[in-house]
């Protein structure tokens, strides 16, 4: 069973990130392991250095035998570029404090949608997650303490040219049991009328 | 007559997105950031509520329960990232008229809203 949770950490999580960004027209390419660079949000800027404007979304989840959190960070520019097409005609500016509010809002919603996809995938394997409301933060050159969990899997994506940094951590009991995948999983965009 | 759609979502961007999609279709949009705020703003003018599930203070499923408890009759479509059959079934039993999974596609949202709005 632990293989299933490991698969969630290593495969479903990063896949969900790519799917959510792709749904909003931003193509991501997974880069080689970010493990060795986990002490700060590394190289999000196009020059590989710390950008001036970093936005991050954070959300937690739990189940009777499982709990964890995920964090996703990128530049103001990438978060603004990943906004829904219907509102993209109004460009966001990092010089505007009200636009920073919208960037943080969207970073929180993106991380919520990533966890929503992971939740749907886990539910189809019999694991029902409860999720918290997302939180978001922003600032110049955000830095994080290196996560202490040995199971932490930071993943870095290229958003051409800036980067997206993703971290998913989970703790689980040996009692975790997943069933085989079911066909009940619903997809983004589905409309079900009762 | 202009129909009023209430959008209940803690993301301001999602509320703006829904307004940008439904506004040109002739709908007037009223916004609320969670179920509690929505209950305070609901009136008989509202033709449809589009409601997220995972929100602070009062989530979308509890909002449905509150509508039922207060005998407020208004069509509700859930608009959420979640797609668990048990949550969908709970919403259906609580009186929701449908379930749309984010990110939504504009034509499908417009069609569903036009079909369900009173």
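For region B:88-101, a residue qualifies if it is more than 7 Å from chain A (Cβ to nearest Cβ) and either closer than 15 Å to residue A:186 by Cβ or within 11 Å of the chain's Cα centre (by Cα) (or both), and the qualifying residues are B:89, B:90, B:91. Within this structure, residue B:19 passes the test of being within 10 Å of another protein chain (Cβ to nearest Cβ), surrounded by fewer than 20 Cβ atoms within 10 Å (Cβ to Cβ) and without any contact (Cβ under 8 Å) to a residue 60 or more places away in the chain.
Scanning region A:99-135 for residues that are surrounded by fewer than 18 Cβ atoms within 10 Å (Cβ to Cβ) and either on the phi > 0 side of the Ramachandran plot or not in a loop (DSSP other than H, G, I, E, B) (or both) turns up A:99, A:101, A:126, A:130, A:135. Scanning region A:148-194 for residues that are at pLDDT 90 or above, assigned to a loop (DSSP other than H, G, I, E, B) and more than 11 Å from every other protein chain (Cβ to nearest Cβ) gives a single hit, A:159. From B:109, B:77, B:50, which residue is in a helix (DSSP H, G or I), in contact with a strand residue (DSSP E or B) (Cβ under 7 Å, 6 or more places away or on another chain) and under 29 Å from residue A:123 (Cα atoms)? Exactly one residue qualifies, and that residue is B:109. If you go through region A:33-40 one residue at a time, do you hit one that is assigned to a loop (DSSP other than H, G, I, E, B) and modelled with pLDDT of 90 or more? Within region A:33-40, none of the residues are assigned to a loop (DSSP other than H, G, I, E, B) and modelled with pLDDT of 90 or more. On the stretch given as region B:102-118, residues that are facing chain A (nearest Cβ under 7 Å) and surrounded by 23 or more Cβ atoms within 10 Å (Cβ to Cβ) total 2.
The values are calculated or read from the model by the stated rules, or taken from the named source; none is laboratory data. This is a predicted model, so every value here is computed, not measured. Note: ideal-geometry Cβ built from the backbone for every residue, glycine included; neighbour counts use all protein chains shown.
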